[in-house]
1. Filter segment B:67-109 for residues that are of a type outside the set (S, T, N, Q) and closer than 26 Å to residue A:71 by Cα and give the result.
2. Can you name the residue in segment A:177-202 that is part of a loop (DSSP other than H, G, I, E, B) and surrounded by 11 or more Cβ atoms within 10 Å (Cβ to Cβ) and, of all such residues, is farthest from the chain's Cα centre (by Cα)?
3. Any chance you could count how many residues in segment B:72-92 are farther than 22 Å from residue B:180 by Cα, within 13 Å of another protein chain (Cβ to nearest Cβ) and of a type in the set (Ser, Thr, Tyr)?
4. Mind checking which helices (runs of 4 or more DSSP H) fall wholly inside segment A:1-101 and carry at least 3 residues that are at pLDDT below 85, closer than 20 Å to residue B:162 by Cβ and within 13 Å of chain B (Cβ to nearest Cβ)?
5. Can you name the residue in segment B:39-76 that is crowded, with 19+ Cβ neighbours inside 10 Å and small (Gly, Ala, Ser) and, of all such residues, is nearest to residue B:176 (Cα to Cα)?
6. Give the number of residues within segment A:141-176 that are surrounded by fewer than 24 Cβ atoms within 10 Å (Cβ to Cβ) and farther than 15 Å from residue A:125 by Cβ.
7. Take residue B:162 and tell me if it is crowded, with 21+ Cβ neighbours inside 10 Å, touching a residue at least 40 places away in the same chain (Cβ under 8 Å), more than 8 Å from every other protein chain (Cβ to nearest Cβ) and not acidic (Asp, Glu).
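The values are calculated or read from the model by the stated rules, or taken from the named source; none is laboratory data. Every value quoted in this text rests on a predicted model; they were computed, and no experiment measured them. Note that we place each Cβ from the backbone using ideal geometry, even for glycine, and neighbour counts take in every protein chain shown.
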Amino acid sequence: RHRRDRVETIVMASNPLDLPPTPLGRGRSEVAAPAFALLFSEMVQYHQSRSLDISALERALEDAGADVGRRSYESTSYREKASGSKREHRLLPLLQFIQSSCWRSMFGRVADSLEVYDDDEYLLSDRDCLVNRFISVPKDLGDLNCGAFTAGFVRGILHAAGFPAKVSAYYSEPNPAADINGVRTTNILMKFEREVIERESRLG
Amino acid sequence: DDGCVAAARTRTRTNDMPPRAPYTKPEVLGAACWQTMDKVNAELFALTHGALVRQIVKDCEDDIDAANAKLDAMGYSMGTRMIEEYLSRTLTSSATPGAGKCGTFEEAAEAVAKIGLRMFLNVGARCVDWDEERTKCTIEMDGNPLAMFVELPEKYGNLGYCNALCGAIRGALEMVRFRVTCTMASDPLKTPHVPDALFAIRMELVEIVPEEYPFDE
């Protein structure tokens, strides 16, 4: 249920409260990075205390990211004048939309590359993933990849757009030539459900 | 208005007068600190906070009091770490030594309203409704990025959605020895039909924690 003048409510889908519409705004307002970093850190700690292992923690971060992605997609696609507030119904334009508009609005820059891996697998890469840039992982969480949140973010967008996929994040090998400040590239791997691939080939 | 960091004025003085540093108004210091911060999209921040609130409410199985307490505790934890950023930024962003320091509760409240909220959330705020002893005030905010896109469904009407903010202020002040209570005096999320309502935090001083000396002498 989407009303043109108000983005879907954030806290649970609910009955409309019959309020005057709030303007969506241009989405350029900002907060300090430390505020986000501290919030994210609390989120990690919260889920860490409830997770049996690192994978469970990463899944929880993915789910949180999906929540964010789903809602962010609504506001970004509404604001995107070029598409006339229409939704993408073909896969490649949607992925390009994610790589450029979604990444730019949420993370301040476009994602570095979008590659096809297979007929059902695509890879989005970010050399300077915002979430990883501001978060330092404490030693006791060793292998935790906060890119899981970003993977969830993409998963949320894809599901909201009607292109369900399994999405995961992994780091590239360190590459001194390309890495900025020794930060490894974050890769977001999307493996689309069969139904998506079949629909794409039917549409030609 | 020469509230800006001005060149130090020379004045005749005797040897036993301390040098007088130019005075930086808190609002100016707040804006200067905000300029120096790395920034992220406010929607990313708001939506991430929302995802966390939703998770907490779900995990508390709709026990709203427990969720409210958890949000406040989480904010407190954030606040205790925010203070470092505050202290280092105010130190480097002003030519006035000691700018942004909080000697009295009144200074601390002004610092929260004029400097802290500006530098972390880019929100303008002011202290109003002071009591006579200057130990209680209300911080009135011109906006609240946490509340972006938020509507509280009826069954969560008592959810302290902004409790983390109250907790953060409490935690930060406790690190500089002001023990306070912070509650939402006005929460437009709970009163959505009131036009032009502002977010406002009621802050009351409980005690100034005395310095503890490590040596027993």
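1. Across segment B:67-109, the qualifying residues are B:67, B:70, B:71, B:72, B:74, B:75, B:78.
2. Applying the first criterion (part of a loop (DSSP other than H, G, I, E, B)) to segment A:177-202 yields A:177-179, A:181-182, A:184-185, A:193.
Subsequent filtering for residues that are surrounded by 11 or more Cβ atoms within 10 Å (Cβ to Cβ) retains A:178-179, A:184-185, A:193.
On the way: A:178: 23, A:179: 22, A:184: 18, A:185: 16, A:193: 18 Å.
Result: A:178.
3. 1
4. Here the list is empty.
5. Here the residue is B:75.
6. 14
7. No, not satisfied.
Residues checked against (1) of a type outside the set (S, T, N, Q); (2) crowded, with 20+ Cβ neighbours inside 10 Å:
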| site | (1), (2) |
| --- | --- |
| B:148 | yes, yes |
| B:158 | no, no |
| B:170 | yes, yes |
| B:174 | yes, no |
| B:180 | yes, yes |
| B:185 | yes, no |
| B:191 | no, no |
| B:196 | yes, no |
